[in-house]
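Below: the structure, in structure tokens.
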Amino acid sequence: MNAAQLFVKCLENEDIEYVFGIPGEENLDLMDALLDSPIEFIVTRHEQGAAFMADVYGRLTGRAGVCMATLGPGATNLITGVADANMDHAPVVAIAGQAATNRLHKESHQVLDLGAMFHPITKYASRLLTPNIIPEVVRKAFKLAQSDKSGAAFIEFPENIAKYEVDDEPLPVKNPHLPEPSSDRVNCAAELISNAKEPLILAGNGVIRAKAWKQLADFAEKLNIPVANTFMAKGVVPFGKNPLALGSVGLQARDYVTCGFDKADVIICVGYDLVEYHPFLWHPTKDRVIVHLDTTPAEVDAYYPVAVGVVGDIKHSLVRIGELATPHQGHLLRPLRDALVEEMSACSKDESFPVKPQKIIWDLRTAMDMEDIVICDVGAHKMWMARMFRCEYPNTCIISNGFASMGIAVPGAVAAKLAYPDRKVVAVTGDAGFLMNSQEIETAMRLGLALVILIWNDNGYGLIKWKQLNQFGRSASVDFTNPDFIKYAESFGAKGYRIERVADLLPTLKKALADNTVSIIDCPVDYGENLKLTAKLGEMVCPI
Ligand SMILES: Cc1ncc(C[n+]2csc(CCOP(=O)(O)OP(=O)(O)O)c2C)c(N)n1
Ligand SMILES: [Mg+2]
């Protein structure tokens, strides 16, 4: 067995189904070894696409997504997707080929110090300088990538090392169990919560990573405490079914839910990653009691002064505090939810064209089943989706809100369909983000995957225009023209639909969801609504 074959054995030992990537001259042995493995290599059309696929696969399954590239330019192309995974706490292991060890010390064709490049965007970056360490390095990469707070790991594999003869075995897979929280912290948190006048829960993506949504809902219901969630925690409490759900927080402007933060005296943050939404924005006064429930101690932030930190298994913390704390008698925040619900349905019958964001979301929600999955790109459309797309289950609306990179939606949808072949998958994307990774339509077509890509077409960088108009009253360098998306779709052998009247949208979505192929819907959007929303929320008088 050579070292490349041992490496593949180690991947099999980690139960890997897919490796996303592009072959190159410096990973030939790995590619050859993969031919004899049940692991499927998914050839992509850009390494960034491969990294985003691994990112979304990792987020959806909780098991590391794996991406692979060659040295130099292949590896640098992985960087955005790997950084996205790391900042969003998605488990990913990235692998890159490298030149032989006899030319790493000098100027040499395509050689970069990849360890140094990946170090700041991973939890662990290691170079295989000798074949005997392969079992340790692979195990450590997966262990770190998958344990909370999960993230990315990087392995660099020099081509001459891949050829060495070895006689080794993968290490047994043992992932760490989180400790139970200590009882004095639990008691202290329960007391603060019992004595609160107006407590509020802020649930983050850590609840989903810990698969603790049931315990969260039980905790909230038993104690009668309303729940706001971050963008990445959408669906953590079922919005439609649970009247305690206040919706998503994260729009930079004030929103109904921020009135709840103003009123709350005790804020219980559960699995909340500060990277998603700066505490400054929801806690500018720095004077509320913060109870921190997480797998790791709290980040230091002047606006996040923790009164008690309960560190350990989140499920356990929720159950134990829930048992000890005294339930509250109703809460004042219901009108915040009612105001949002009213806004969600206000445009359900809107007939204007281009289509209003609220109406696109209404029709999309109507066309999709609750278990189906949306992968959202980054832009104005993401803000609308985060705020208004109702989710009943976690991981049914994937939003990148840590690194928040454009270009995730199309490759992310490919990964989602591979992970959940029985569910419908929709990529919701702006016209700019779409063209950043639209080459992966070819990957989807080649794999025979059925996906819907819904493009919100405003011929521009809508989110940036929104911010410019707000701040300066004029815009700069945000307008562009688009190719004919229908012909573009057809050139891949995919289907293309153009929305020309608002009444076409719902039937087209239904038709596209039933198509057994990739379908692209070009939907003109009326971003005049962006400024109206900012103005409305700016003038908002709190409904409580
Ligand atoms: C890779 C990357 N480049 C730039 C940005 C900054 N950025 C955020 S949103 C945005 C505009 C997105 O335009 P589009 O995809 O058309 O979506 P829209 O805002 O129009 O809905 C830009 C440039 C980013 N987040 N990621
Ligand atoms: Mg746009």
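The values are calculated or read from the model by the stated rules, or taken from the named source; none is laboratory data. Predicted model, so just to flag it, every value in this text is computed and none were measured. Virtual Cβ from ideal backbone geometry, glycine too; neighbours counted across all protein chains shown. What goes into the accessible areas is simple: the full protein's heavy atoms, side chains included, and nothing from ligands, DNA or RNA. Shrake-Rupley method; radii C 1.70, N 1.55, O 1.52, S 1.80 Å.
Restricting the first residue to segment 393-406 and requiring it to be over 14 Å from TYR420 (Cα atoms) and in a loop (DSSP other than H, G, I, E, B), which pairs with a second residue that is within 9 Å of ligand 1 (Cβ to nearest atom) and of a type in the set (Gly, Ala, Ser) meet a Cβ separation below 6 Å and a spacing of at least six or different chains?
Hits for this filter: MET406/GLY433.
May I ask you to say which residue of GLY65, GLY97, GLY58 is touching a Phe, Trp or Tyr at 6+ places or on another chain (Cβ under 7 Å), under 23 Å from LYS211 (Cα atoms) and small (Gly, Ala, Ser)?
GLY65
So if I check each of VAL82, VAL111, VAL56, which one is within 16 Å of ILE155 (Cβ to Cβ) and among the β-branched types (Val, Ile, Thr)?
Just a single option satisfies the conditions, and that option is VAL82.
Within segment 296-347, restricting attention to residues that are modelled with pLDDT under 95 and among the polar types (S, T, N, Q), which residue is nearest to ALA189 (Cα to Cα)?
Going through the qualifying residues, I end up with GLN329.
Restricting the search to segment 494-526, which residues are touching a helix residue (DSSP H, G or I) at 6+ places or on another chain (Cβ under 7 Å) and within 15 Å of ligand 1 (Cβ to nearest atom)?
Passing the criteria: ILE520, ILE521, ASP522, CYS523, VAL525.
How many residues are in a loop (DSSP other than H, G, I, E, B), among the charged types (D, E, K, R) and either touching a residue at least 60 places away in the same chain (Cβ under 8 Å) or open to solvent by less than 70 Å² (accessible area, probe 1.4 Å) (or both) when one looks only at segment 289-306?
Result for segment 289-306: 1.
Here are LEU332, LEU318, LEU336: which of them is under 23 Å from HIS177 (Cβ atoms) and among the aliphatic types (A, V, I, L, M)?
Exactly one residue qualifies, and that residue is LEU318.
Under 6 Å by Cβ, and 6 or more places apart or on different chains, what pairs join a residue from segment 369-387 that is closer than 18 Å to MET53 by Cα and open to solvent by less than 10 Å² (accessible area, probe 1.4 Å) with one that is more than 10 Å from ligand 1 (Cβ to nearest atom) and assigned to a helix (DSSP H, G or I)?
Short answer, once both residue conditions are applied: ILE373/ALA416; ILE375/GLY412; ILE375/ALA413; ILE375/ALA416.
Enumerate the helices (runs of 4 or more DSSP H) found wholly within segment 408-471, keeping only those where 1 or more residues are within 16 Å of ligand 2 (Cβ to nearest atom), modelled with pLDDT of 95 or more and aromatic (Phe, Trp, Tyr).
Filter on segment 408-471 gives 431-436.
Select from segment 252-288 the residues that are closer than 18 Å to ASN224 by Cα and surrounded by fewer than 19 Cβ atoms within 10 Å (Cβ to Cβ) and write down the one among them that is modelled with the lowest pLDDT.
Across segment 252-288, the extreme among qualifying residues is LYS263.
Return the residues of segment 259-288 that are in a helix (DSSP H, G or I) and of a type in the set (Phe, Trp, Tyr); say none if nothing qualifies.
Of everything in segment 259-288, those that are in a helix (DSSP H, G or I) and of a type in the set (Phe, Trp, Tyr) turn out to be PHE261, PHE280, TRP282.
Mind listing whichever residues of segment 197-209 are in contact with a strand residue (DSSP E or B) (Cβ under 9 Å, 6 or more places away or on another chain) and open to solvent by 10 Å² or more (accessible area, probe 1.4 Å)?
Result: LYS197, GLU198.
Would you check which residues across segment 364-392 are part of a loop (DSSP other than H, G, I, E, B) and within 16 Å of ligand 2 (Cβ to nearest atom) and list them?
The answer is ASP377, VAL378, GLY379.
Please state which of the following conditions LEU336 fails to meet, knowing it meets all the rest: (1) open to solvent by less than 50 Å² (accessible area, probe 1.4 Å); (2) under 21 Å from ALA450 (Cβ atoms).
(2)
Does GLU529 satisfy being surrounded by fewer than 17 Cβ atoms within 10 Å (Cβ to Cβ), more than 11 Å from ligand 1 (Cβ to nearest atom) and more than 15 Å from ALA427 (Cβ to Cβ)?
When the stated conditions are applied, GLU529 does not pass them.
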